[in-house]
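A short worksheet on the structure shown next.
The values are calculated or read from the model by the stated rules, or taken from the named source; none is laboratory data. Note that this is a predicted model, so its numbers are computed, not measured. Here the Cβ positions follow ideal geometry from the backbone for every residue, glycine too, while neighbour counts run over all protein chains shown.
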Amino acid sequence: MSKKGILHMRLGPGKHMHGVDLMDGAVKGEDFDYFHDLIVGQEMTRANARGFQDGNMAGMTISLTAVLQFANDEEWKNKIAKEVFSGEKKICLAITEAFAGSDVAGIRTTAEKTADGKHYIVNGTKKWITNGVFCDYFVTGVKTEKGLSVLLIKRQEGLETSAIKTSYSPAAGTAYVTFDNVKVPVENLLGKENKGLQVILSNFNHERWMMAGAVIPHCEANQAWIENITYQMTLMPYAQQATHLAGPIGLLKMFSTRSAHEIADEAVQVFGGRALTRTGMGATIEMFHRTYKFDAILGGAEEILGDLGVRQAMKNMPKSML
Ligand SMILES: Cc1cc2nc3c(=O)[nH]c(=O)nc-3n(C[C@H](O)[C@H](O)[C@H](O)COP(=O)(O)OP(=O)(O)OC[C@H]3O[C@@H](n4cnc5c(N)ncnc54)[C@H](O)[C@@H]3O)c2cc1C
């Protein structure tokens, strides 16, 4: 995947693609746009194995962007990027806790500075961390003195992971993570101290758009909607996308998973017993019916995204009428 440029492509268009040879020269990294990104995302789902799909570097897709955008040292950033893009090291995003899912601000994992100001000491837990079981780096949300911050934490003494059994596959490496007096150099801070929410939110739109693309099951209306949004993404810089497209992307993901609910239910009914069997004719339907809820919860649950979509519309288009 590294040699074909697939690891690079999972992060979407950007500077990290410059000079990268994609699929043996089929596309130049510089020319890669959001339509290529959509194709990559939708092709990756064709294995029809939802757990494997997330195991296949989903953690990297939602966490490496934070390092690329917010690392405070260029040399250090390039070292991490090289290790991860070569496939040598694995990275994941560790924000959610048993105490805080939708409400990110409620996290309890703490990072306290040492007296000499050179390190943070991290204590706490994280839950449901995709790829965590086999990751080397954890982009971790922590509570610092006056707010939320994000640290890149290397697997080391005091950082333990254990597997959580979910209704898809252990291939996803879903983990419970414990930090017990983990020592982290202050240079590993991403963005500014106490301004971590910006770092966490920065990747949400791409993640949600990508998840909508992956769950759309042969549904013309949703596919047309995502292509419309994708076209707008190709014309807007990232910051402008956040203003104009965060709401529509949220509503698209919500509607895609509501559609998935209907489609999974109907498909099982039509296929009968075959759709309740993990092998044979109905295997794909069985897998989809068992796992479409992952997309309805992860990366922003449906209610949260519906709320976001309506709030954004009221804020940015106050004069429009339904
Ligand atoms: C398999 C799996 C993999 C995951 N991978 C990662 C990962 O890699 N990294 C990571 O950091 N996290 C990860 N998560 C966590 C995921 O992002 C959260 O599960 C998700 O944000 C929802 O949080 P929650 O499960 O605590 O549910 P809750 O936030 O408790 O929500 C429960 C229900 O209440 C609703 N609700 C909550 N607040 C409101 C509100 N204000 N208004 C209306 N309704 C509301 C929700 O929509 C939902 O229906 C993963 C989760 C799972 C299950």
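Of note:
Listed here are the residues, each with its yes/no results for (1) within 30 Å of ALA163 (Cα to Cα); (2) crowded, with 20+ Cβ neighbours inside 10 Å.
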site	(1), (2)
ALA175	yes, yes
LYS192	no, no
MET211	yes, yes
ALA224	no, no
ASP265	yes, no
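- Out of GLY29, GLY25, GLY19, GLY12, one residue alone is touching a residue at least 60 places away in the same chain (Cβ under 8 Å) and not assigned by TED's automatic domain parsing to the domain that holds THR166. It is GLY12.
- From LYS79, LYS127, LYS89, residue being farther than 18 Å from ASN194 by Cβ and part of a helix (DSSP H, G or I): LYS79
- One residue from ALA171, ALA163 being within 13 Å of the ligand (Cβ to nearest atom), surrounded by fewer than 19 Cβ atoms within 10 Å (Cβ to Cβ), over 19 Å from ILE62 (Cα atoms) and among the hydrophobic types (A, V, I, L, M, F, W, C): ALA163
- Taking segment 146-196 and the strands (runs of 3 or more DSSP E) fully enclosed by it, the elements with 2 or more residues that are of a type in the set (Ser, Thr, Tyr) are at 159-163, 175-185.
- Restricting attention to segment 38-53, the residues that are more than 15 Å from TRP209 (Cα to Cα), in contact with a helix residue (DSSP H, G or I) (Cβ under 8 Å, 6 or more places away or on another chain) and either modelled with pLDDT of 95 or more or in a helix (DSSP H, G or I) (or both) add up to 5.
- Of all residues in segment 236-257, one or more are over 26 Å from ALA100 (Cβ atoms), more than 16 Å from the ligand (Cβ to nearest atom) and not in a helix (DSSP H, G or I).
- Hits in segment 94-133 - residues which are among the β-branched types (Val, Ile, Thr) and within 13 Å of the ligand (Cβ to nearest atom): ILE95, THR96, VAL104, ILE107, THR109, THR125, ILE129, THR130, VAL133
- Test for THR161: is it in contact with a Gly (Cβ under 6 Å, 6 or more places away or on another chain) and either assigned by TED's automatic domain parsing to the domain that holds ILE95 or more than 23 Å from THR65 (Cα to Cα) (or both): yes
- Options ILE62, ILE39: the member that is away from the ligand (no atom under 16 Å from the Cβ) and of a type in the set (A, V, I, L, M): ILE39
- Taken over segment 273-322, the residue count meeting the criterion of being more than 11 Å from the ligand (Cβ to nearest atom) and outside any loop (DSSP other than H, G, I, E, B) is 21.
- Matching residues in segment 49-103 - criterion: being more than 21 Å from ASP21 (Cα to Cα), of a type in the set (A, V, I, L, M, F, W, C) and surrounded by fewer than 20 Cβ atoms within 10 Å (Cβ to Cβ): ALA49, PHE52, TRP76, ALA98, PHE99, ALA100
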